[in-house]
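Structure first, commentary second.
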Amino acid sequence: MGGWAIAVHGGAGVDPNLPKERQEEAKRLLTRCLDIGISALRSNLSAIDVVELVVRQLETDPLFNSGRGSALTENGTVEMEASIMDGPKRRCGAVSGLSTVKNPVSLARLVMDKSPHSYLAFSGAEEFAKKQGVELVDNEYFITEDNVGMLKLAKEANSILFDYRIPTIGTCGAGAAAMDSPLQMNGLPISVYAPETVGCVVVDKEGRCAAATSTGGLMNKMTGRIGDSPLIGSGTYACELCGVSCTGEGEAIIRSTLAREVAAVMEYKGLRLHEAVDFVIKNRLDEGKAGLIAVSKNGEVACGFNTTGMFRGCATEDGFMEVGVW
C-alpha cells in the first residue's frame with residue numbers, strides 16, 4: 001500500500017479574468033477542506049466517511065455550486081443532487097431533485113446504507129429524508145443574493161449561465177457574451193463556461209477508495225434536469241482500483257461515462273492512475289469540457305481537465321499537498 005491520499009475539487013472551467021480575491025477565497029476553502037480530510041485520515045476514519053465529511057463542508061459554504069451555494073432553476077428554486085460510492089464492494093447511493101435537504105451527500109449516503117435502492121429523486125428522496133431525520137431547511141436557505149442576481153442575467157441573456165459568480169459588466173454584456181459564445185451544449189449556445197460542482201476522492205491507509213460528488217446543477221436550467229453528478233459511472237465512481245469525481249459539462253460527462261472510464265482503462269489497458277486520467281480527458285470527451293480528480297488503491301492522486309482551469313487540491317500521506325486553480 002502506498003498510504004492514504006485525498007483530492008477535492010470545486011469545479012472545472014474557470015474564467016481567466018476571475019478576480020484574484022475570488023481565487024484566493026476558493027483556495028482557502030479547498031485548503032480548509034483538505035485539512036479536515038487529512039485530520040480524519042490520520043484518525044483512521046475510513047475513505048467513505050472522509051469523502052462524506054469533506055463534501056458536507058463544501059455544501060455548507062456558499063462559495064461553490066452545491067448545498068448552500070446551489071444554482072437556481074428557471075423557476076428560481078434549487079434542485080440539488082449528489083452521489084457517493086464505496087469502492088471495496090461498489091456500494092453506492094445517489095439523490096436528485098432535493099430542495100430542503102441541507103446536506104445532499106449525507107442523504108445519498110443514507111440511500112446507500114439504509115435503503116434497498118441506489119438512487120432516489122424528487123418527492124421520493126425528500127420523503128426518505130424526512131423518515132431518516134436528516135436536517136431540513138426552507139428552500140430560502142439556498143437562495144443567495146448572488147444566485148438571484150445571476151439568474152436574472154441568465155434569463156435576460158436567454159441562456160444557461162454556468163459561472164454565476166463571475167462579475168459581468170452590465171446586463172447587455174451578459175446577453176452579448178451568450179450570443180457570441182462559440183461554446184454549445186447539445187447544440188445550444190451557452191454563456192460563460194465554469195460549472196462549480198464539488199467533489200472529493202479518498203484512498204485510506206487500508207487501500208480502500210471512495211468518491212462523492214455534489215452539485216446544484218446549472219443556473220437557469222430546466223426544472224427536472226439531471227446532470228452527471230448523481231449518476232454512478234458518469235460523475236462519480238469508486239471500485240477496488242480507484243475513486244473518481246468529475247465536474248464540468250454534465251451532458252458530455254454522461255455521454256462518456258467519464259468516471260467509470262478511468263477505472264476501465266486501468267483495469268483493461270493496465271494503465272496507472274495518471275496515465276488513465278490523461279487518456280480519458282484526451283480521448284473520451286469529444287468536444288465536451290470537463291475535469292476530474294482521482295485516487296488509486298496504491299496511494300496515487302491525479303487530476304485532469306481540458307478547461308481553462310479547475311478549482312482543486314490534493315494531499316498524500318508522505319507530506320505532499322497542493323492547491324491550484326489553473
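Taking the numbered list (1) modelled with pLDDT of 90 or more; (2) out of contact with any helix residue (DSSP H, G or I) (no Cβ under 6 Å at 6 or more places or on another chain); (3) open to solvent by less than 10 Å² (accessible area, probe 1.4 Å) in turn, GLY207 passes all entries but (3). Restricting attention to region 296-326, the residues that are within 15 Å of the chain's Cα centre (by Cα) and over 21 Å from GLU24 (Cβ atoms) total 1. Restricting attention to region 48-62, the residues being under 13 Å from the mean Cα position of the chain (by Cα) and at pLDDT below 95 number 0.
State yes or no: is MET219 among the hydrophobic types (A, V, I, L, M, F, W, C), surrounded by fewer than 24 Cβ atoms within 10 Å (Cβ to Cβ) and modelled with pLDDT under 80? It is false that MET219 is among the hydrophobic types (A, V, I, L, M, F, W, C), surrounded by fewer than 24 Cβ atoms within 10 Å (Cβ to Cβ) and modelled with pLDDT under 80. Restricting the first member to region 77-90 and to residues that are closer than 17 Å to VAL51 by Cβ, and the second to residues that are basic (Lys, Arg) and in a strand (DSSP E or B), the beta-carbon pairs closer than 8 Å and six or more apart or on different chains are MET85/ARG91.
Screening LEU188 with (1) open to solvent by less than 60 Å² (accessible area, probe 1.4 Å); (2) modelled with pLDDT under 70; (3) of a type in the set (A, V, I, L, M) gives one miss only, at (1). Number of residues in region 77-135 that are surrounded by fewer than 24 Cβ atoms within 10 Å (Cβ to Cβ), out of contact with any Leu (no Cβ under 6 Å at 6 or more places or on another chain) and hydroxyl-bearing (Ser, Thr, Tyr) equals 6.
Looking at this structure, is GLY3 surrounded by fewer than 24 Cβ atoms within 10 Å (Cβ to Cβ), in contact with an Asp or Glu (Cβ under 8 Å, 6 or more places away or on another chain) and in contact (Cβ under 8 Å) with a residue 24 or more places away in the chain? For GLY3, the condition - surrounded by fewer than 24 Cβ atoms within 10 Å (Cβ to Cβ), in contact with an Asp or Glu (Cβ under 8 Å, 6 or more places away or on another chain) and in contact (Cβ under 8 Å) with a residue 24 or more places away in the chain - is met. Consider only pairs whose beta carbons are under 6 Å apart and that are at least six residues apart or on different chains; among these, list those whose first residue lies in region 31-58 and is closer than 17 Å to GLY324 by Cα and part of a helix (DSSP H, G or I) and whose second residue is among the aliphatic types (A, V, I, L, M) and open to solvent by 10 Å² or more (accessible area, probe 1.4 Å). Listed pairs, sorted by first residue: THR31/VAL323.
Let's see how each residue does on (1) out of contact with any helix residue (DSSP H, G or I) (no Cβ under 6 Å at 6 or more places or on another chain); (2) modelled with pLDDT of 95 or more; (3) in a strand (DSSP E or B):
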position: TYR237; (1), (2), (3): no, yes, yes
position: GLU240; (1), (2), (3): yes, yes, no
position: ALA252; (1), (2), (3): yes, no, no
position: ARG260; (1), (2), (3): yes, yes, no
position: ASP286; (1), (2), (3): yes, no, no
position: CYS314; (1), (2), (3): yes, yes, yes
position: VAL323; (1), (2), (3): no, yes, yes
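The residues on offer are GLY248, GLY233, GLY224, and the sole one that is surrounded by fewer than 24 Cβ atoms within 10 Å (Cβ to Cβ) and either among the hydroxyl-bearing types (Ser, Thr, Tyr) or under 14 Å from the mean Cα position of the chain (by Cα) (or both) is GLY233.
The values are calculated or read from the model by the stated rules, or taken from the named source; none is laboratory data. Remember, predicted model here, so these are calculated numbers, not experimental data. Ideal geometry is used to build each Cβ from the backbone, glycine not excepted, and the neighbour counts take in all protein chains shown. Side chains included, ligands, DNA and RNA excluded: accessible areas come from the protein's heavy atoms. Shrake-Rupley method; radii C 1.70, N 1.55, O 1.52, S 1.80 Å.
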